[in-house]
Amino acid sequence: MSRFAKIVRLDQNTVKTLSETYRLGHRDEIKYAYRSGRGLTEKLVTDLSARKNEPLWMREYRLKAFAVYNKMPLPNFGGDLSLIKWDEIFYYLKPIEKTGKTWKEVPDAIRKTFEKIGVPQAEREMLGGAKVQYDSEVIYGSLRRSLAAKGVVFLGMDEGLAQYPELVKQYFGTIVPLSDNKLAVLNSAVWSGGSFIYIPKGVEVGLPLQAYFRINAENAGQFERTLIIADEGSKVHYVEGCSAPAYSSGSLHAAVVEIIVKKGARVQYTTVQNWYRNVFNLVTKRAWVEEEGEMRWIDGNLGSRLTMKYPACILAGRKARGETLSIAMAGEGQHQDAGAKMIHLAPETTSQIISKSISKNGGRATYRGMVKINKGAKGAKSKVVCDALILDGASRSDTYPTNIILENDVSLEHEATVSKVGEEQLFYLMSRGLSEHEAEAMIVNGFLEPVMKQIPLEYAVEMNRLVELEMEGSVG
Amino acid sequence: MALLVKGLKVKIGNKEVLGGVSLAVASGEVVALMGPNGSGKSTLALALMGHPSYEITDGSVDLDGGDMMTATPDERSRAGLFLAVQYPVSIPGVSVREALLASLRARGESVSALEVKKRIEAEAAELAIDEELLKRSLNEGFSGGEKKKMEILQMRILAPKYAILDETDSGLDIDALKIVATGAAFMAKKKQTGILVITHYQRLLKYLKPDRVLVMKQGRIAKEGGLELVVELEKSGYKQYE
């Protein structure tokens, strides 16, 4: 790419070099309370359920999923899944016996990792509650007393199942059905951890609730399951972050997130995905939005080897609104296959998808999106904007939009642009004194600006920082 | 102290565009470079700033005793060279404030964002630039005149030792022209900036009085003189230089 001389490229394909720009690539030496063997068997599924003392219906649900999983083919779109070594993976890794209620209860090595990530600090300063998952289990959780007093429930999914079995049974698997896709089915068979949230009618949770997911073991499988129920007129902002050590062999993260947004409720779900570049991140996220409810996905994908994720909104009630703001950055050896789905079922529903992707150093960024307006969704409106920026000749960007319109009297706008960082832009900024790297970073930040300004400040800062770290990896 | 160019030969692809240009601009001096279209004026400007499409095959460029031949554009900028380009490109999502703050910091100046904002606003008032433009993406949707004024604003903030103004007068109405020319003249007089001003027309030089005038013809300096050369060109045109 060098057109201005004096550029030193990083050595290709060495984990060591890559991990130098990845701040969270260390691993903790801990003794696990329990580790399953490698590979997935029916016995593992029954053992897992027994260890968790689950109700019979959940055990049967898992076994049914396991049976479907064995028959179902992998998705025939997206990235290269043939690289996943399914039989090498540990499907259940329990780090410690009990979820801590204070950080003191968390073993030192693990606590230090989360201090490095910044979770306890954020919790003190700006969060309404936090959940921390380490490999397969939630190892720490908190919720401000004031929120608990209002009836807000924020538990690990396993705790949720134990304490609110009826509520879980009522909604679990209703938004993402058991046989939805192979990865969601896998999650249904071996799910462990994740968050269970219930916001009572009319309660507005001012501070975000945050979950942080850390993979520590090599060849780990992390299959958290999250269920959020926002009752009528309530409001909540849920945030998740993630990271993993710099191993050479891959881990698998296959989560399922189901959200129910009841009448007039507002839910925002922000993800800052910063997996190490060996993680396969194959996630199913979907929200059901009732009358005048609002669902907003903010999805930042910066890490992982392959991400396939298309947060969806099913707009089921009149005037329901769905929105996805997506930022993807694909560097060396990365494929970000991301996007959104908006399904309009009811009249006057509105949706918006804004996607910004950047590819560099041979990375590949794919936008894959769907807008479907069903019969009966009169007056529905949808707007899709997807912009791609390609930083060099070795990188790639693809756009796969699908629009299915089955109703008249609707409006759908679609804009897509693909641009390359031009030599003239770089020259112009360099002629004002910026190095090539600084000039490129400035052009990238400018490109992301329209989305960044819509993201809550703290998370925009975090995403900007990660983008900058990624950019540092591209030029010396 | 001077910007010294000696025997500069420049190729674009396989074509030689400059066939050995020599010139000098001293501190505080205003030198006009005139000549017909295609005579190589803009090529000279871009080659001096280190544009990668222009390959220097022979000659030397020296800024206050420092050799610029192998320097990248940003190194030339930080050494004190500035080019007000003929066609400023737009940088979506980046305001002139952000760009200038980064430029100043790249020079090692420890300025605050607020200080820079104030300096920019003061310069904008001086140059009659609408404040609204300061917040917008740099050069995006700007008129020709607005772009040129914004180049001069950047020059004034960066306070270079030597500035090349490449047809900064084109696209300006007479009021804007006066403002831009006075702004540049101020830099030469008060800040001792050496200015190489590239133009086709006499009108800019009424307000930005050059100490010397050079005329280019087919990639070489064909004539050198004083203001009388400008008057002569205005009368008889560039025919003899084509």
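Can you give the FRET efficiency for B:Ala222 and B:Glu115, using 1/(1 + (r/R0)^6), R0 = 60 Å, r = Cβ-Cβ distance, to the nearest 0.05? About 0.85, to the nearest 0.05.
Of the residues A:Ser243, A:Leu209, A:Gly37, the one whose Cα sits farthest towards the positive end of the charge dipole of the stretch A:15-472 is A:Gly37 (charges of +1 on Lys and Arg Cβ, -1 on Asp and Glu Cβ, taken about the Cα centre).
Please give me the summed charge of the neighbours of B:Leu33: other residues whose Cβ is under 13 Å from its Cβ, Lys and Arg +1, Asp and Glu -1. All intermediate terms of the calculation are to be shown ahead of the outcome.
Working: positive: B:Lys41, B:Arg212, B:Lys217, B:Arg220, B:Lys223; negative: B:Glu29, B:Asp166, B:Glu167, B:Asp169, B:Asp211, B:Glu224.
For residues surrounding B:Leu33, the net value is -1.
Listed peptides B:198-206, B:145-153 appear in the order B:145-153, B:198-206 once ranked by packing, highest mean of other Cβ atoms within 10 Å at the front.
What is the stretch B:128-226's relative contact order, in percent, from Cα pairs under 8 angstrom and six or more apart in sequence? Can you show the working numbers first?
Details: 96 pairs, mean separation 23.4, N = 99.
Once normalised by length, the contact order is 24 percent.
For the modelled label position 7 Å from the Cα of A:Lys85 along Cα-to-Cβ, which residues of the stretch A:264-292 have backbone nitrogen atoms closer than 15 Å? Counting backbone N atoms under 15 Å from the label point, the list is A:278-280. In plain terms, the chain from B:Lys191 to B:Arg107 could stretch by 28.5 nm, reckoned as 0.36 nm per residue minus the Cα-Cα distance. Roughly how many Å is it from the Cα centre of the stretch A:373-387 to that of the stretch A:317-340, as a whole number? Between the Cα centres of the stretch A:373-387 and the stretch A:317-340 lies a distance of 17 Å.
Can you give the charge dipole size of the stretch A:24-109 about its Cα centre, rounded to the nearest 20 debye, using +1 on the beta carbon of Lys and Arg and -1 on the beta carbon of Asp and Glu? Intermediate values should be presented prior to the final figure.
Working: 16 positive and 12 negative charges, 54 e Å.
In total the dipole reaches around 260 debye.
Please give the calculated 222 nm ellipticity per residue for the protein assembly as shown, where each DSSP H segment of at least 4 residues contributes -39500 (n - 2.57) and the sum is spread over every residue; nearest 500 deg cm²/dmol?
It lands at -8500 deg cm²/dmol.
What does the average come to when, for each residue of peptide B:96-103, you count the partner chain Cβ atoms lying within 10 Å of its Cβ?
Working: counts 0, 0, 4, 8, 2, 0, 9, 8.
Per residue, the number of nearby Cβ atoms from other chains is 4 on average.
Contact order for the stretch A:112-209, expressed relative to its length and based on alpha carbon pairs under 8 Å spaced 6+ residues apart, stands at 37 percent. The modelled label-to-label distance between B:Ser236 and A:Lys71, using points 7 Å beyond Cα along the C-beta direction, is 9.6 nm. For chain A, DSSP calls about 10 percent of its internal beta bridges antiparallel. Hey, if you put +1 on the Cβ of every Lys and Arg and -1 on every Asp and Glu Cβ in the stretch A:332-476, which of A:Ala439, A:Gly362, A:Ala416 ends up farthest toward the positive end of that dipole? Towards the positive end, the residue furthest out is A:Ala416. Mean separation of Cα pairs under 8 Å and 6 or more residues apart, divided by the residue count, gives chain A a relative contact order of 11 percent.
Across the stretch B:177-226, counting alpha-carbon atoms alone, Rg and Dmax equal 11.8, 35 Å. Magnitude of the charge dipole for chain A, about its Cα centre and with charges confined to Cβ atoms of Lys, Arg (+1) and Asp, Glu (-1), is about 840 debye.
Take the alpha carbon atoms of the stretch B:181-212, find their center, do the same for the stretch A:67-98, and report the distance between the two centers in whole angstrom. So the separation of the two Cα centres works out to 70 Å.
If I stretch the segment between B:Thr70 and B:Lys15 completely, what's the gain in nm (0.36 nm per residue apart, minus their alpha carbon distance), one decimal?
Numbers: separation 55, 0.36 × 55 = 19.80 nm, distance 2.10 nm.
Value of the extension gain: 17.7 nm.
The amide H of A:Glu240, built 1.01 Å from its N in the peptide plane, has A:Ala211, A:Thr270, A:Thr271, A:Val272 as neighbours under 5 Å, considering only residues 5 or more places off or on other chains. Computed packing ranks the peptides B:73-80, A:30-37, B:232-239 as B:73-80, A:30-37, B:232-239, most packed first, by mean other Cβ atoms within 10 Å.
Each principal axis of the Cα atoms in the stretch A:15-472 has its own extent, and those three values, largest first, are 64, 56, 47 angstrom. Projecting the Cα atoms of B:Ala113, B:Met150, B:Thr168 onto the charge dipole of the protein assembly as shown, computed from C-beta unit charges around the Cα centre, puts B:Ala113 farthest toward the positive end. Using DSSP to define loop residues, name the trypsin sites (Lys or Arg not before Pro) in the stretch A:53-91 whose beta-carbon has at most 14 other beta-carbon atoms within 10 Å. Here the sparse-neighbourhood loop sites are A:Lys85.
Highest mean packing first, where packing is the average number of other Cβ atoms within 10 Å per residue, the peptides A:74-83, B:127-136, B:17-26, A:119-128 line up as B:17-26, A:119-128, B:127-136, A:74-83.
Read-outs throughout are calculated quantities, based only on the coordinates presented, and are distinct from any laboratory measurement. It should be emphasised that the depicted structure is a prediction, and the values quoted were computed from it without experimental measurement. So basically every Cβ, Gly included, is an ideal-geometry build from the backbone, and we count neighbours across all protein chains shown.
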